[in-house]
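The next block holds one structure in the form of structure tokens; read it before the comments.
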Amino acid sequence: MNPSTLLTPSSTSPRSVLRSPFLNPIPLRTASTSVCTQRRRFRVSFPRSSSVTSDPPSSASTPPPPDVFGGPKELTGVQPLVEKLSPPLRLVSSAVIFAGAVAAGYGLGLRFGQTRNAALGGAAVLGAAGGAAVYSLNACAPEVAAVELHNFVAGSDDPSALKKEDIEGIAKKYGVSKQDEAFNAELSDLYCRFVSSVIPPEGQELKGDEVDTIVKFKKALGIDDPEAAAMHMEIGRRIFRQRLETGDRDANLEQRRVGLSACLLHKLTLTLLFALLTEIWNLTIISDSPVQAFQKLIYVSTLVFGEASSFLLPWKRVFKVTDSQVEIAIRDNAQRLFASKLKSVGRGDGLCSSDNLFDYVVYVNVEQLVSLREAQRLYRLSDEHAEELFKEHTRKLVEENISAALRILKSRTRAVNVVAQAVEELDKILALNDILITLKNHPDAGHFSPGVGPVSILGGEYDDDKKMDDLKLLYRAYVTDSLSNGRMEENKLSALNQLRNIFGLGKREAETVVLDVTSKVYRKRLAESFTGGDLEAADSKAAFLQNLCDELHFDPQKASEIHEEIYRQKLQQCIADGELNEEDVSALLRLRVMLCIPQNTVEAAHSDICGSLFEKVVKDAIASGVDGYDADVKKSVRKAAHGLRLTREAAMSIASKAVRKIFINYIKRARAAGNRTESAKELKKMIAFNTLVVTELVADIKGESSETSSEETVKEEVKEVVEDEEWDSIQTLRKIRPNKELTARMGKPGQSEITLKDDLPERERTDLYKTYLLYCITGEVTRIPFGAEITTKKDDSEYIFLNQLGGILGLSTKEIVEVHRGLAEQAFRQQAEVILADGQLTKARVEQLNELQKQVGLPSEYAQKIIKGITTTKMAAAIETAIGQGRLNIKQIRELKEASVDLDSMISLSLRESLFKKTVDDIFSSGTGEFDEEEVYEKIPSDLNINAEKAKGVVHELARSRLSNSLIQAVALLRQRNRQGVVSSLNDLLACDKAVPSTPLSWEVPEELADLYTIYLKSDPPPEKLSRLQYLLGINDSTAAALREMGDKVLTGSAEEEKFVF
């Protein structure tokens, strides 16, 4: 077995520690068999569910059991004689015995031997026997001293009260040293027994005084630390052996328990099986185990030897345990000791009352915290773990108070003052929190136990979402109690904030609870003030209400919301019969003044509550349809509009909302129609609904007759039409203006106040208008079998409906005109593109276009714009074609610009750049040898509207490429005897050189360069050109002079030589 398992819980059920203070240790040195005692073992067990509580450590150390060292030992043989002899007397007796033995031997030898030698031999024999007797007498002195030491310690009522002088007196009495084997073995045995007895037995925790007791006893015995450490290690070996002895029995017991469980699974129900297994488990759970005993031993031993324990106690080497396991043993025992000392903190039978808050000063004070700090250091507990234990302890105190408060609130037999009792428990929590915060800020806080500070339930029983409702219930109870006298004190506000932090409630959650309770209290006090007359008697109602909010620390905005709710409730009561009479209006006005309700709030309430009733009346009127809007419906609408005291704007807003929903339904059906005719029919139904129902509804809401409303609408339309006389030429636009005869035949026009302007986008509204306009122009199309269609033309009355449709759609005059003009432009453009198919505008075509303009009624300026656009497009295509075919040069471009032709829009930039490149290339191949920089770099790019710098780069690139090509072409023409072509090529070479000055050119046959120069010389060129050509061809002045003298001879000779070569 691995000894390190002593620090790890075993897989089987824990067994009792077979450890007793009566076990005989095996000392490091061999002890006399006379000091051996009988070994005993016992076991204490209890159920797992039970909890063992340790008593708080007492100030005085608890003495070990009286029989811890065994019974008194008896002396045997000569030991009683040695006990009675003091060391000097024992020495004298030893000398007398030895001298008497020698004398007796000498006498007997002389008597029987009759010779001196015989006498000396007898003296030697008896002297040796006497020496042996003397040695035996003195040798048993340490054993006698050990027996007396054992009996002295065992007979002591309190072994921990022994003094070092008593032990030294026993050693001195027999003249022995503590280092004597027998005496030292007894000292070690006594120390081992004492340590085993001091460490608590099974089922008990350390009390905290064990270390002091052991150290005091060790000093009294005078044992050195190495020898004492050896005894601690020996105790550990015993525990290890007990683990080995109990291991097999534990396995057998576990096997029997599992077998019993398997048997019960086949015979009993699940409930009974669970109960029996629980009982069996509880009966076999043992409170302590060698693991816990070994941990206690490690902890106590470490404290006994202090810093020296690291090398005096080789746990790792002997028992194969790790350093972390040793640290865990020290930490766990230190935590248990510190936790037991914490039990007295914050607990007591009574509380002192101070300023209406319970005070924990008696139970949490400076002395306690300083004592805890000292205990923490004594127990070798880290600050981190001490802080954690302290906070856990305070959290448990808070949880006890919370549980008590919840039991009170949830009790079935609720007392009268149940809330007050629960609040008392919460006050205890707040008092504890307050004193801990005060102590945290104490000047000597550095000497206190870590963890002193505000309490919290985080990490505890109530740190759970399921418990949040319980915490809110307690918080609500405290808020209710704080407002029990009708006002909120400042100290209660502070207490509520602390309680919220302790409970871990969110700010919004806490505010919700406070707002709910405070709202009820505010309503109650407001009702008392209203019925008692205090509010009405107040000079300033606003100041009275503000003072009420201040007393309750209630948000005035929330109070205004309550006032609005009260007003709404009163308004609903008043309109129960469907209208507001004068008495109701007076009551509402009085309530509004008393509660200081703003006008906009009153209007909003009337709009919502009265508006809902009015909306129902309006919907019923609309649902009656075109044929059902009779006198009864009109009466109900007028009664609702005026009886509910709605403003005209509010009533129209409600009616508009309901009417627009119906309009939208018509629009949806029109969109879903299969063709234009069906869409127009749906739109015509909407127009009829607007004329026969909506117009009457608007008139009834306003309290006017429909004829008056219609006349106002007609006047507005006429006014708008007069402002747009410039569009009088559009034929379809003229038709939507009704004349008197048509108006009389069509009847009253429809209303235009309720429109779809804000419900549909402009594009969609214009499309609907255009659909009906096309229906008016083309007429109704009826399909007949065999794919034929019959078109039925409509009269001008359809345009009146079109005008009403524009009003329903919310189209302005400008938007309507744009639709009509757009259709006229579309018709004119289609015909004009046919007429101007080739882009040529002749006199006959102009007359034809003017006639078309009159037919569609399009204004002249728009017709001319369309004509110009068509001709421009056709011309641009022709120009691009000409440029692509090379039929257009820069001269013609300039003529077009002089004719005000916008070439930039007709010719693309890339095409203009290509034209520039072609023009420059023509200059370099013209054969004139001229290159005008101003023309090429400035004028031509300006005429073509291209970048001048980019154009200059193109010129340079072409010049470099043409320069060498011109020389090659000149040589080729020379060989062909084309003298004119040679001159032209050399002129091109000079033109490229003007654009990009070049270095002298090289050629494989210098004679050909001389021939080129001679031919160019004969062409009578300007001197500057001839001089530049001489430089480019690399001909020096002497050669040039010789060539000028030779003239044609050189040319003839060269030609014959060339012929010979070929």
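The values are calculated or read from the model by the stated rules, or taken from the named source; none is laboratory data. Remember, predicted model here, so these are calculated numbers, not experimental data. Counting neighbours? That spans all protein chains shown, and the Cβs are built from the backbone with ideal geometry, glycine included. These area figures cover heavy atoms from the full protein model, side chains too; ligands, DNA and RNA do not enter into them. Shrake-Rupley method; radii C 1.70, N 1.55, O 1.52, S 1.80 Å.
Looking at the stretch 524-579, what helices (runs of 4 or more DSSP H) fall wholly within it and have at least 1 residues that are modelled with pLDDT of 85 or more and under 21 Å from residue 605 (Cα atoms)?
In the stretch 524-579, the matching helices (runs of 4 or more DSSP H) lie at 541-552, 556-574.
Taking the stretch 602-622 as the region of interest, how many residues are of a type in the set (Gly, Ala, Ser) and open to solvent by 10 Å² or more (accessible area, probe 1.4 Å)?
3
Could you tell me how many of the residues in the stretch 930-964 are within 25 Å of residue 1004 (Cβ to Cβ) and open to solvent by less than 80 Å² (accessible area, probe 1.4 Å)?
Total satisfying the criteria: 5.
Can you pull out the residues in the stretch 437-467 that are more than 34 Å from the chain's Cα centre (by Cα) and assigned to a helix (DSSP H, G or I)? Steps first, answer last, please.
Of the stretch 437-467, the ones more than 34 Å from the chain's Cα centre (by Cα) are 438-439, 441-449.
Listed by number, the residues that qualify are 438, 439, 445, 446, 447.
For the list (1) outside any loop (DSSP other than H, G, I, E, B); (2) within 20 Å of residue 555 (Cβ to Cβ), I need the number of the one condition that residue 487 fails.
So the condition that residue 487 fails would be (1).
Given the conditions (1) among the β-branched types (Val, Ile, Thr); (2) more than 24 Å from residue 449 (Cα to Cα); (3) modelled with pLDDT under 80, and given that residue 322 satisfies all but one, which numbered condition is not satisfied?
Every listed condition holds for residue 322 apart from (3).
Can you confirm whether the stretch 170-193 contains a residue that is buried (at least 22 other Cβ atoms within 10 Å of the Cβ), modelled with pLDDT of 75 or more, touching a helix residue (DSSP H, G or I) at 6+ places or on another chain (Cβ under 7 Å) and of a type in the set (Asp, Glu)?
Yes, there is a match, as at least one residue in the stretch 170-193 is buried (at least 22 other Cβ atoms within 10 Å of the Cβ), modelled with pLDDT of 75 or more, touching a helix residue (DSSP H, G or I) at 6+ places or on another chain (Cβ under 7 Å) and of a type in the set (Asp, Glu).
Within the stretch 312-341, restricting attention to residues that are of a type in the set (Val, Ile, Thr) and assigned to a helix (DSSP H, G or I), which residue is farthest from residue 382 (Cα to Cα)?
Checked the stretch 312-341; the qualifying residue farthest from residue 382 (Cα to Cα) is 318.
Quickly run through the stretch 1028-1050 and pick out the residues that are of a type in the set (S, T, N, Q) and touching a helix residue (DSSP H, G or I) at 6+ places or on another chain (Cβ under 9 Å).
1030, 1036, 1039
Identify, from the list 486, 459, the residue that is of a type in the set (Gly, Ala, Ser) and either crowded, with 17+ Cβ neighbours inside 10 Å or within 28 Å of residue 562 (Cα to Cα) (or both).
Values: 459 fails: either crowded, with 17+ Cβ neighbours inside 10 Å or within 28 Å of residue 562 (Cα to Cα) (or both).
The unique qualifying residue is 486.
With the structure loaded, tell me whether residue 1016 is open to solvent by 30 Å² or more (accessible area, probe 1.4 Å) and more than 60 Å from the chain's Cα centre (by Cα) or whether it fails that test.
It is false that residue 1016 is open to solvent by 30 Å² or more (accessible area, probe 1.4 Å) and more than 60 Å from the chain's Cα centre (by Cα).
Kindly indicate whether residue 222 is at pLDDT below 85, surrounded by fewer than 18 Cβ atoms within 10 Å (Cβ to Cβ) and of a type in the set (Gly, Ala, Ser).
Details: at pLDDT below 85: yes; surrounded by fewer than 18 Cβ atoms within 10 Å (Cβ to Cβ): yes; of a type in the set (Gly, Ala, Ser): yes.
So residue 222 fits the description; yes.
Filter the stretch 580-601 for residues that are surrounded by 14 or more Cβ atoms within 10 Å (Cβ to Cβ) and in a loop (DSSP other than H, G, I, E, B) and give the result.
Those that are surrounded by 14 or more Cβ atoms within 10 Å (Cβ to Cβ) and in a loop (DSSP other than H, G, I, E, B): 580, 596, 597.
Just to be sure before I move on: is residue 1025 open to solvent by 10 Å² or more (accessible area, probe 1.4 Å) and within 19 Å of residue 932 (Cα to Cα) in the structure I sent? Write out each step before concluding.
Numbers: open to solvent by 10 Å² or more (accessible area, probe 1.4 Å): yes; within 19 Å of residue 932 (Cα to Cα): yes.
Taking the combined requirement at face value, the residue satisfies it.
When both residues are 6+ apart or on different chains and their Cβ atoms are under 6 Å apart, which pairs have a first residue that lies in the stretch 300-311 and is under 10 Å from residue 380 (Cβ atoms) and assigned to a helix (DSSP H, G or I), and a second that is at pLDDT 85 or above and of a type in the set (D, E, K, R)?
none
Checking residue 449 against (1) at pLDDT 90 or above; (2) surrounded by 17 or more Cβ atoms within 10 Å (Cβ to Cβ), which single condition isn't satisfied?
(1)
Being open to solvent by 80 Å² or more (accessible area, probe 1.4 Å) and of a type outside the set (D, E, K, R) is the filter here, so list the residues in the stretch 501-518 that pass it.
Scanning the stretch 501-518 gives 501, 512.
Would you check if residue 521 is touching a residue at least 40 places away in the same chain (Cβ under 8 Å) and either of a type in the set (D, E, K, R) or surrounded by 15 or more Cβ atoms within 10 Å (Cβ to Cβ) (or both)?
No, not satisfied.
Can you work out which of the residues in the stretch 305-335 that are within 23 Å of residue 215 (Cβ to Cβ) and β-branched (Val, Ile, Thr) is surrounded by the fewest Cβ atoms within 10 Å (Cβ to Cβ)?
Within the stretch 305-335, the match that is surrounded by the fewest Cβ atoms within 10 Å (Cβ to Cβ) is 318.
Confirm whether residue 897 is in a helix (DSSP H, G or I), open to solvent by 80 Å² or more (accessible area, probe 1.4 Å), modelled with pLDDT of 70 or more and not β-branched (Val, Ile, Thr).
no
Evaluate the stretch 1037-1056: report whether one residue or more is buried (at least 17 other Cβ atoms within 10 Å of the Cβ), among the β-branched types (Val, Ile, Thr) and modelled with pLDDT of 80 or more.
no
Does residue 425 meet the test of being of a type in the set (Asp, Glu) and either touching a residue at least 40 places away in the same chain (Cβ under 8 Å) or within 22 Å of residue 511 (Cβ to Cβ) (or both)?
No, not satisfied.
Take residue 993 and tell me if it is acidic (Asp, Glu), outside any loop (DSSP other than H, G, I, E, B) and closer than 30 Å to residue 915 by Cβ. Reasoning before the result, please.
Working: acidic (Asp, Glu): yes; outside any loop (DSSP other than H, G, I, E, B): yes; closer than 30 Å to residue 915 by Cβ: yes.
Considered against the rule, which asks whether it is acidic (Asp, Glu), outside any loop (DSSP other than H, G, I, E, B) and closer than 30 Å to residue 915 by Cβ, residue 993 comes out as yes.
List pairs: first residue in the stretch 570-588 and in contact (Cβ under 8 Å) with a residue 12 or more places away in the chain, second residue among the basic types (Lys, Arg) and open to solvent by 70 Å² or more (accessible area, probe 1.4 Å) anywhere in the structure, Cβ distance under 6 angstrom, at least six positions apart or on different chains.
From residues that are in contact (Cβ under 8 Å) with a residue 12 or more places away in the chain, the pairs are 580/645.
Under 32 Å from the mean Cα position of the chain (by Cα), surrounded by fewer than 22 Cβ atoms within 10 Å (Cβ to Cβ) and of a type in the set (D, E, K, R): is that true of residue 481 in this structure?
Against the criterion (under 32 Å from the mean Cα position of the chain (by Cα), surrounded by fewer than 22 Cβ atoms within 10 Å (Cβ to Cβ) and of a type in the set (D, E, K, R)), residue 481 does not qualify.
Mind listing whichever residues of the stretch 950-990 are without any contact (Cβ under 8 Å) to a residue 24 or more places away in the chain and in a loop (DSSP other than H, G, I, E, B)?
Of everything in the stretch 950-990, those that are without any contact (Cβ under 8 Å) to a residue 24 or more places away in the chain and in a loop (DSSP other than H, G, I, E, B) turn out to be 976, 978.
Going residue by residue through the stretch 196-217, is there one that turns out to be modelled with pLDDT of 75 or more, buried (at least 19 other Cβ atoms within 10 Å of the Cβ), outside any loop (DSSP other than H, G, I, E, B) and charged (D, E, K, R)?
The answer is yes, given that some residue of the stretch 196-217 is modelled with pLDDT of 75 or more, buried (at least 19 other Cβ atoms within 10 Å of the Cβ), outside any loop (DSSP other than H, G, I, E, B) and charged (D, E, K, R).
Inspect the stretch 1021-1035 for any residue being over 19 Å from residue 963 (Cβ atoms) and modelled with pLDDT under 80 and give the result as yes or no. Give the steps one after another, and end with the answer.
The first filter runs over the stretch 1021-1035 and keeps only residues over 19 Å from residue 963 (Cβ atoms), leaving 1022-1023.
Next, from what is left, pick out any that are modelled with pLDDT under 80: none.
Looking through the stretch 1021-1035, none of the residues is over 19 Å from residue 963 (Cβ atoms) and modelled with pLDDT under 80.
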